[in-house]
Amino acid sequence: MRPSITAEAKPSGFKPSRRLRARWSLKWREIKANKHSYVLLAPYMLLFALFTVVPVCISILISFTYFNMLEFPRFIGWQNYTRLFLEDDIFLIAVKNTLLFALITGPVSYIACFVFAWLINELSPKWRAFMTLIFYAPSISGNVYFIWLMIFSGDRYGIANGLLIKWGIILEPILWLKTEAYVMPIVILVQLWLSLGTGFLAFIAGLQTVDKTLYEAGAVDGIRNRWQELWFITLPSMRPQLMFGAVIQLTTSFAVADVSIALAGYPSVNYAAETIVTHLLDFGTTRFEMGYASAIATVLFMMMVGTNLIVQKLLRKVGE
């Protein structure tokens with residue numbers, strides 16, 4: 001004979017569903033209370049999903065196919081990834097160069113953006129606006145590579161060669177951008193010069209929004225110098241801007257391509273300045289192997305996501 005369900009046994013079986021219904025009810029009330037915010041966010045979220053989320057998902061799917069843009073994609077499984085890591089020696093060089101580039105330019109440009117923003121923030125409003133323009137201008141200049149090509153020109157008329165010959169340091173001009181040992185350091189130098197961009201402006205804006213009364217309260221609580229103010233008040237108050245700046249700087253350092261192509265050529269000498277993005281452009285826009293190019297893009301995407309998650313975890317500890 002089957003045991004009857006007692007009144008005491010019923011609640012335990014129904015508690016999860018009640019809890020779930022209560023959670024959904026609370027969530028629905030929050031959505032209704034903030035419906036105007038969701039309406040305002042809807043156009044951006046729609047465009048973001050249409051032009052970012054959907055293309056990323058499609059790219060991941062295409063990475064498992066052979067697709068030459070003339071025939072319908074043909075599923076080939078993991079062959080693109082096997083070829084990428086086991087057969088493509090140039091890709092491994094590109095990964096090494098990209099990681100080296102990101103390891104140097106990412107942290108250095110991030111710290112430089114904050115330091116310059118912090119120093120400029122101490123100036124008067126007029127000087128602050130002027131210096132912000134001076135530091136931000138290289139990142140939006142269209143002819144910035146032309147200047148560096150003049151500096152590192154391989155003949156005697158190049159600025160670097162002319163000065164070194166004049167000072168007696170060298171006797172013959174150096175082919176800076178055609179010599180394997182010099183290409184990557186020059187590309188890194190130029191990228192650092194260009195790095196004061198969006199992240200720099202975000203830090204300037206974040207420093208402007210820090211509540212000044214927090215410094216007075218900190219003085220009462222025992223903060224005695226500017227470094228303690230910076231660590232315990234300024235940085236914790238700027239966590240959103242710090243996070244945004246980290247994402248921008250890391251994405252820029254991993255996605256470098258324009259600097260390498262403009263200075264070192266495409267491809268560079270002995271692939272000395274080859275990066276993952278230039279390798280992707282080679283297969284995607286020159287050879288039209290879209291499946292293989294999508295596999296490269298997927299690997300780059302996973303590297304960016306993993307690095308950003310690590311950085312975000314580290315930034316949460318700021319001020320602790």
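The range 120-216: D in µm²/s via Stokes-Einstein (Kirkwood Rh, Cα pairs, 4 °C, 1.567 mPa s)?
80
How would the range 226-305 be classified by its alpha-carbon gyration tensor: rounded, prolate or oblate, with rounded meaning a/c under 1.5 and the a/b versus b/c comparison settling the rest?
prolate
Tell me, what is the FRET efficiency for ARG29 and LEU163 to the nearest 0.05, using R0 = 41 angstrom and their Cβ-Cβ distance as r?
0.05
Using packing as a proxy for protection, rank 165-171, 307-313 so that the peptide with the highest average count of other Cβ atoms within 10 Å comes first.
So the peptides 165-171, 307-313, ranked by packing, come out 307-313, 165-171.
Tell me, what is the percent relative contact order of the range 72-172, built from C-alpha pairs under 8 Å that lie six or more residues apart?
The value is 8 percent.
Loop only by DSSP, 14 or fewer other Cβ within 10 Å of the Cβ. Give me the trypsin sites (Lys or Arg not before Pro) in the range 110-162 that pass, ordered by residue number.
ARG156
Under the rule of -39500 (n - 2.57) per DSSP H run of 4 or more residues, summed and divided by the residues of the chain, what mean residue ellipticity at 222 nm is obtained, to the nearest 500 deg cm²/dmol?
Calculated at 222 nm, the ellipticity per residue is -21500 deg cm²/dmol.
Under a Cβ-only charge scheme (Lys and Arg +1, Asp and Glu -1), can you give me the dipole magnitude of the range 88-315 about the Cα centre, in debye to the nearest 20?
The calculated dipole for the range 88-315 is roughly 520 debye.
Distance between Cα centroids, the range 108-165 to the range 173-238: provide it in whole Å.
15
In the chain, how many lysine pairs have Cα atoms under 22 Å apart, counting only pairs 8 or more places apart or on different chains?
Eligible lysine pairs with Cα atoms under 22 Å apart amount to 5.
Tally Lys/Arg at +1 and Asp/Glu at -1 over every other residue whose Cβ is under 13 Å from the Cβ of LEU214; what's the total?
Residues near LEU214 contribute -3 overall.
Hey, what D do you get for the range 202-269 in µm²/s if you plug the Kirkwood alpha-carbon radius into Stokes-Einstein at 4 °C and 1.567 mPa s?
Once the numbers are plugged in, D ends up at 89 µm²/s.
Relative contact order for the chain: what is it in percent, counting Cα pairs under 8 Å that are at least 6 residues apart?
Computed over the chain, the figure is 26 percent.
When only C-alpha pairs under 8 Å and at least 6 residues apart count, what is the relative contact order of the range 220-320, in percent?
36
Where the Cα atoms of the chain are projected onto their three principal axes, how long is each span, largest first, in whole Å?
Computed over the Cα atoms, the extents are 102, 68, 34 Å.
Every number here is computed from the coordinates shown, using simple stated rules; none is lab data. Note that the structure is predicted; figures quoted are calculated from it, not measured. Neighbour counts run over all protein chains shown; Cβ positions are idealised from the backbone, glycine included.
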